[in-house]
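So the structure is just underneath, and the comments pick up after that.
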Amino acid sequence: MRIIRTTFFYVFFFTWTIIFFIVFSPVKFFTRNFVVKLSNIWSSAVNFLCERILGVSTIVYGMNNIPKDRSILVASNHQSAWETFFFTFLFEDPIFILKKELRLIPIMSWYFKKLGFIFIDRRKGLSSLKHIINSIKKLKDKSPKTFIIFPEGTRLLPGEKKKLLTPGVFAIKKKLDLPIIPVVHNSGEYWHNKKFLKTQGSIQMNIFPELKTQDKKTFFNELKNYFYCENSNH
């Protein structure tokens with residue numbers, strides 16, 4: 001049954017995605033607002049397929065912890081590709097902070113650029129961090145935005161832990177006074193990373209209150225506690 005469900009999902013997913021992005025490939029001629037709407041349509045459809053065909057649904061706790069009418073930085077754990085489309089569906093117009101290699105994806109990279117996604121070049125270190133901070137500042141000064149970063153820097157298996165999280169998260173908080181909202185989920189238990197078969201069930205996502213500490217060590221200890229402690233699950 002898993003094989004049938006997963007096969008049907010990917011047939012519909014790739015058919016829908018290829019047709020959709022071919023039809024709407026002239027991205028550079030579209031306004032950003034129109035591209036945001038297209039992004040919402042695509043992600044909503046993928047979420048629908050995920051629920052109806054794969055049988056993978058999502059329960060979100062703590063939506064009330066998201067500040068209203070101000071920019072925020074969502075700091076999420078990273079277990080699979082699921083986060084990309086679901087966060088787009090959940091937050092409507094998020095700005096992702098991603099590794100620069102994703103700029104090479106055909107057509108999608110044009111969308112990333114139009115949507116204002118920010119890319120990290122880890123080899124450039126401090127200059128890359130300055131670029132991220134300046135980019136966030138420009139965007140948030142125009143209107144409230146939801147920025148999304150994965151402090152682990154790569155996808156991890158459920159139960160796997162990263163000893164050091166990306167230090168840039170705290171730097172962004174300090175430089176821009178941007179609320180950091182921890183988000184924790186268990187998507188890897190159902191949307192298995194880099195594996196064809198998916199498992200039916202409900203992904204649980206917890207949105208926690210803003211990390212308000214101004215001490216760097218305490219900040220990362222608190223964030224890691226959310227990411228890796230069992231009591232961070234609802």
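Quick note: the coordinates plus some simple rules give every number you see, no bench work behind them. Please read these numbers as outputs of a predicted model, since none were measured by experiment. FYI the Cβ positions are ideal-geometry reconstructions off the backbone, even for glycines, and counts take in every protein chain you see.
Taking a point 7 Å from the Cα of N40 along the Cα-to-Cβ direction, the residues of the stretch 63-106 with backbone N closer than 13 Å to it are 88-94. Could you sort out which of K138/K216; K113/K174; K68/K99; K130/K198 sit more than 32 Å apart by Cα distance in this structure? Violating the 32 Å Cα-Cα cut-off are K130/K198. Can you give the percent of C-alpha pairs in the stretch 1-72 whose distance is more than 22 Å? Summing the P(r) of the stretch 1-72 above 22 Å gives 44 percent of all pairs. From the alpha carbon centroid of the stretch 154-190 to that of the stretch 49-94 is 14 Å. Computed over the chain, the P(r) curve from all C-alpha pair distances, binned at 5 Å from the origin, holds 1, 6, 13, 18, 20, 18, 13, 7, 3, 1, 0 percent per bin. Protection proxy ranking for 213-225, 163-175, using the average of other Cβ atoms within 10 Å per residue and placing the highest first: 163-175, 213-225.
Taking the fewest neighbouring Cβ atoms within 10 Å as the starting point, the ordered list for S187, S43, S143 is S143, S43, S187. Cβ-Cβ distance of S127 and I4, R₀ of 35 Å, FRET efficiency by 1/(1 + (r/R0)^6): the value works out to about 0.10.
Evaluated over the Cα positions of the stretch 93-160, the convex hull gives a direction-averaged projected area, one quarter of its surface, of 5.7 nm². Computed over the stretch 145-234, the percent of Cα pairs more than 20 Å apart is 38. The ranking of L178, L157 from fewest to most other beta carbons within 10 Å of each one's beta carbon is L157, L178. Counting neighbouring beta carbons within 10 Å and listing from fewest to most, the residues F150, F14 come out as F14, F150.
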